[in-house]
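Report on the structure given below.
Derivation of every value follows stated rules applied to the coordinates shown; laboratory data play no part. A quick note: this is a predicted structure, and the numbers were derived from the prediction, not measured. When we count neighbours, we look across all protein chains shown, and the Cβ atoms used for this are built from the backbone with ideal geometry, even at glycine.
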There are 2 protein chains.
Amino acid sequence: MKKGLQIGKQSLSFDKPVYIMSSASIVGPKEGDGPLKDTFDKIVEDATFGKDSWEEGESEMLKETVSLALMKAKLKAADVRYLFAGDLLGQLIATTFGVMDLEIPLFGLYGACSTMGEALSLGAMTVHGGYADTVIAAASSHFGGAEKQFRFPLEYGNQRPMSSTWTVTGSGAFILSKEYGDVMITGITTGKVVDYGVKDSLNMGACMAPAAADLIYQHLQDFERKPEDYDKIVTGDLGIVGKEILCKLLNDQGIDISKVHMDCGMEIYDDVEQDTHAGGSGCGCSAVTLAGKLMNELRSGEIKRILFVPTGALLSTVSYNEGQTVPGIAHGVVIETRV
Amino acid sequence: MKKGLQIGKQSLSFDKPVYIMSSASIVGPKEGDGPLKDTFDKIVEDATFGKDSWEEGESEMLKETVSLALMKAKLKAADVRYLFAGDLLGQLIATTFGVMDLEIPLFGLYGACSTMGEALSLGAMTVHGGYADTVIAAASSHFGGAEKQFRFPLEYGNQRPMSSTWTVTGSGAFILSKEYGDVMITGITTGKVVDYGVKDSLNMGACMAPAAADLIYQHLQDFERKPEDYDKIVTGDLGIVGKEILCKLLNDQGIDISKVHMDCGMEIYDDVEQDTHAGGSGCGCSAVTLAGKLMNELRSGEIKRILFVPTGALLSTVSYNEGQTVPGIAHGVVIETRV
């Protein structure tokens, strides 16, 4: 592998790693019924988290997740210099109201469902650069809030095509630090907006797969690595449809990731039992799968190195209704363990 | 002043400055009729910028502004390692479709009308940290798109209270570089979400003033400076109402900024002639005022050091209609000249 900070076209390789001191995940009831239920820190049966609306519920969930991550790292909010966070709602209201009481300087981010990767990337750059000893990276999504934002009122009970995904009600938070830990971020690859002209907002896997393929291809070039150099290459929420497109696009470039690829959206629900169709989605999907299952596997040494590549579908109801395409973006983070 | 990178609670002081190689501003017809008309690079009479919708028009405006900033710096898009950008629309669609063709790795940001400060902060951190030789920081807003997003269809011709502001149709872009230039970023102060419980989305000055006061107070503490150490302390779009509150809040802390304070929202329109009530607002307001008027004054040496503090009102129609308050956030950037 090349040495140095800036490598290739789109990547950074950190000469000093940035450590993940703790991670936390909180999910709603449906996620708590799914195959990953034993990996989450907390499953809340009330999807409004005791609040009056889904949006306030999402804020409460995010706040509790950040607090839990702080508790695990034996830190107070005042010990944290920056918070990098975002969600799917217009103008990031889940984040705004969720983090307000923490009084931590905030960089609000929007990368659609790639936000967890964007937050970890900027958070790691910030710690590595000596700008902070400790930062938090967090992301959240909520099924009720997202359906209201992007699709139809839940009360309509509208039918969903088999290509559609189910927005995860969940939030993940990570404490990044210069202090030594077992699990660490050693590099990042930052994505561009990639548009293949897909216009179907109920087939987001197809919208995002080209961005994932572009990012993974560039990452392997920049780091001069092969897929086998990773125990897992983890996409966020491509689902069944997007996974197929991703593998085909990379195969066309002579790259076979099939042996190491995992998609968080295909892990979080039992698509037959839980009627979730193509899989899970949302910022929370990759955030809670990384904070739970993957961090557990890294901490135990079961896996040694992963490329985490959450992808985002860049649309709003305005852009969609005005006939625009749904471009995608992906952000890659290399996470390794010393165990 | 204290030495070192992390200073005080919320600030960074850059030991090596980050240079602003070029800046560009493009505005719509109303801004082109205002007092700052001679400071903008381009005034476009067609507010849809030749496109079919305001949103697409905003994207086109942003794209042209970034291209212009690149041209002025004699750079191509491929020379730029990262783009830090955002707008006011839900899910950042103006940015997404505006920057797509540039194919520059993107960090999408949402800080409401503070986004220009957020983008310059992260951009400067990135260059200073050696993560990039050159980055772009950009922000945009559009009156038509913002009214549709946040308020009423323009066709209603609804009445606006005197406390309301007029969203600027404009975009600003800055090329930040490690290469020597006359104007430079020497420090930043990053804001927290500040909520004083104001609920009136047509009085955004009142919503944002506490965040500006909090940021300016903390900045002066962190840097051990007084208001007089700046030729100008520049807020983004507090307008007439917000300015009064800001000055009062700081006066209560024993700080008098009245001699050096300037609000971009109060400069960009002639509120009597142009019927804009409390002033201009939107990400574009502070972005084009900095890229034009203020950069001109810095380049000529007329002013030597400013604190640029754009503020954002953190609301969406969902949060507002669900009865939530409108919190604010502000991000501070110290810009100096060697001329």
Note to self: Please enumerate, by chain and number, the aspartates and glutamates with C-alpha under 18 Å from the C-alpha of A:Lys63, excluding those fewer than 8 residues away in the same chain.
What the structure shows: A:Asp41, A:Glu45, A:Asp46, A:Asp52, A:Glu55, A:Asp79, A:Asp87, A:Asp101, A:Glu103, B:Asp195
Check: Amide H to amide H, which residues 5 or more places from B:Ile268 or on other chains are under 5 Å from it, using H placed in the peptide plane?
Finding: B:Gly280
Next item on the list: Excluding residues fewer than 8 places away in the same chain, name every one of the lysines whose C-alpha is closer than 25 Å to that of A:Lys226.
Entry: A:Lys2, A:Lys3, A:Lys9, A:Lys16, A:Lys192, A:Lys243, A:Lys248, A:Lys259, A:Lys293, A:Lys304
Next item on the list: Take every Cα pair under 8 Å in chain B that's 6+ residues apart, average their separations, divide by the length, and report that relative contact order as a whole percent.
Entry: 25 percent
Check: How would you rank B:His128, B:His219, going from fewest to most other Cβ atoms within 10 Å of each one's own Cβ?
Finding: B:His128, B:His219
Checklist line | Computed over the range B:183-337: relative contact order in percent, which uses C-alpha pairs under 8 Å that are six or more apart | finding: 39 percent
Notebook entry, point to check: Measuring from a point 7 Å out along Cα→Cβ, what nm distances, shortest first, does B:Glu244 have to its partners in the other copies?
Noted result: 6.4
Next item on the list: Work out from phi, with θ = phi - 60° and the Karplus expression 6.51 cos²θ - 1.76 cosθ + 1.60, the ³J(HN,Hα) of each residue of the range A:269-279, listed in order in whole Hz, and give x for Gly and Pro.
Entry: 10, 8, 5, 7, 5, 9, 6, 9, 6, 6, x
Next item on the list: With an 8 Å cut-off on Cα pairs and a minimum separation of 6 or more residues, tell me the relative contact order of the range B:70-153 in percent.
Entry: 37 percent
Margin query: Can you sort A:Leu12, A:Leu220 from fewest to most other Cβ atoms within 10 Å of each residue's own Cβ?
Written below: A:Leu220, A:Leu12
Checklist line | For A:Ile26, residues with placed amide H under 5 Å, excluding near neighbours | finding: A:Ser171
Next item on the list: Anything in chain B that counts as a DSSP H helix reaching 18 Å or more along its axis (C-alpha) with Kyte-Doolittle mean of at least -0.5? List them, would you?
Entry: B:54-72, B:115-128, B:204-223, B:239-252
Check: Under a 5 Å amide H to amide H cut-off, with H placed in plane at 1.01 Å, what residues pair with A:Ile7 once short-range neighbours are removed?
Finding: A:Leu12, A:Ser13
Notebook entry, point to check: Each residue of the range A:154-161 in order: what ³J(HN,Hα) in whole Hz does its phi give by Karplus 6.51 cos²θ - 1.76 cosθ + 1.60, θ = phi - 60°, with x for Gly and Pro?
Noted result: 4, 4, 5, x, 5, 7, 10, x
Next item on the list: Give a residue-ordered list of calculated ³J(HN,Hα) values for the range B:302-314 (Karplus: 6.51 cos²θ - 1.76 cosθ + 1.60, θ = phi - 60°; whole Hz; x for Gly, Pro).
Entry: 4, 10, 10, 8, 10, 10, 9, 10, x, 10, x, 9, 8
Check: Gaussian network model of chain A, Cα springs within a sub-10 Å range: biggest mean-square fluctuation belongs to which of A:Gly187, A:Gly242, A:Gly301?
Finding: A:Gly301
Next item on the list: May I ask you to report, in nm to one decimal and beginning with the shortest, the distances from B:Gly301 to the same position in the other copies, taking label points 7 Å along Cα-to-Cβ?
Entry: 6.5
Note to self: Sort A:Tyr196, B:Tyr110 by Cβ crowding within 10 Å, fewest neighbours at the top.
What the structure shows: A:Tyr196, B:Tyr110
Next item on the list: Quick one: grab the alpha carbon gyration tensor of the range A:19-177, order the square roots of its eigenvalues as a ≥ b ≥ c, and give me rounded if a/c is under 1.5, else prolate or oblate depending on whether a/b is larger than b/c.
Entry: prolate
Next item on the list: Tell me the distances, shortest first, between B:Ala78 and the same position across the other copies, using label points 7 Å along Cα→Cβ, in nm to one decimal.
Entry: 5.3
